[in-house]
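Visitor: A single structure is presented below for examination.
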């Protein structure tokens, strides 16, 4: 069981860090091609796994999802800031919504929590998949972080192994599908022709940072 817990903690770390590359890129380069619906659904899904861990007395799941939820909330804050140009009010709203979701889930039947925990991570990927394939078809450049989804695939593969060790069908089911969807997202972004050419603003920044020659 110690080895299973170690795998769980490593997977938790990967999923916690998955939000960081996307948060940094969204803050620096904007949110083009990044689905806010996906990230909100991910946050709710993580909340369900947090409640699942609390109600089944699984320390590793609780610790993993507290960390993941915090990192995902930061991503939501950056996404919201891009729309409303505010920090404090969106942060309060995000915290309140997620606290309400967790509190409500503590009082509903555990079976419903498990169903949501299994289904929502899968559902959360759908808007981003649709966005990424749409961007691929139109050749639109995106701010999607491939590293985020590579970390997601690696972390979810670890949880898949954890689920196999414990014989937990919920963990096995959700992570098989989510690994496949994360790989598809990365593949679509790599294949997107719009991401193969430098953006105009990148070129301008490069020129502006080039030291002027003495005349």
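Visitor: Suppose the filter is over 24 Å from residue 135 (Cβ atoms), assigned to a helix (DSSP H, G or I) and at pLDDT below 90; does residue 47 pass it?
Guide: Here the answer is no, as residue 47 does not meet what is asked.
Visitor: Also, I was wondering about something else. Suppose the filter is on the phi < 0 side of the Ramachandran plot, crowded, with 18+ Cβ neighbours inside 10 Å, in a helix (DSSP H, G or I) and touching a residue at least 60 places away in the same chain (Cβ under 8 Å); does residue 147 pass it?
Guide: no
Visitor: Can you find a residue in the range 99-112 that is at pLDDT 90 or above and under 19 Å from residue 152 (Cβ atoms)?
Guide: no
Visitor: Can you pull out the residues in the range 17-40 that are assigned to a helix (DSSP H, G or I) and within 15 Å of residue 152 (Cβ to Cβ)?
Guide: 17, 18, 19, 20, 21, 22, 23, 25, 38, 39
Visitor: Still on this model: Of the conditions (1) without any contact (Cβ under 8 Å) to a residue 60 or more places away in the chain; (2) closer than 25 Å to residue 32 by Cβ, residue 127 satisfies every one except a single condition; which number is it?
Guide: Evaluating residue 127 over (1) without any contact (Cβ under 8 Å) to a residue 60 or more places away in the chain; (2) closer than 25 Å to residue 32 by Cβ leaves (1) as the failure.
Visitor: Can you say whether residue 72 is part of a helix (DSSP H, G or I) and modelled with pLDDT of 95 or more, as far as the supplied structure shows?
Guide: Here the answer is no, as residue 72 does not meet what is asked.
Visitor: Oh, and also: Quick check on the range 154-174. Is at least one of its residues touching a residue at least 24 places away in the same chain (Cβ under 8 Å) and not in a helix (DSSP H, G or I)?
Guide: No, the range 154-174 contains no residue that is touching a residue at least 24 places away in the same chain (Cβ under 8 Å) and not in a helix (DSSP H, G or I).
Visitor: Testing residue 162 on (1) loosely packed, with under 14 Cβ neighbours inside 10 Å; (2) more than 16 Å from residue 43 (Cβ to Cβ), one condition comes back false. Which one is that?
Guide: (1) is the only condition that residue 162 fails.
Visitor: Another question, then. Does at least one position in the range 60-73 carry a residue that is more than 19 Å from residue 147 (Cα to Cα) and within 10 Å of the chain's Cα centre (by Cα)?
Guide: no
Visitor: Of all residues in the range 112-141, which are surrounded by 18 or more Cβ atoms within 10 Å (Cβ to Cβ) and within 16 Å of the chain's Cα centre (by Cα)?
Guide: 117, 118, 120, 121, 122, 124, 125, 128, 131, 132
Residue by residue, here is whether (1) surrounded by 16 or more Cβ atoms within 10 Å (Cβ to Cβ); (2) free of Cβ contacts under 8 Å to residues at least 24 places away in the same chain; (3) more than 18 Å from residue 162 (Cα to Cα) holds:
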site: 26; (1), (2), (3): yes, no, yes
site: 32; (1), (2), (3): yes, no, yes
site: 40; (1), (2), (3): yes, no, yes
site: 58; (1), (2), (3): yes, yes, no
site: 79; (1), (2), (3): yes, no, yes
site: 88; (1), (2), (3): no, yes, yes
site: 95; (1), (2), (3): no, yes, yes
site: 104; (1), (2), (3): no, yes, yes
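The values are calculated or read from the model by the stated rules, or taken from the named source; none is laboratory data. Because the structure is a prediction, the values reported are computed rather than measured. All Cβ positions, even for glycine, are placed from backbone atoms using ideal geometry, and neighbour counts span all protein chains on display.
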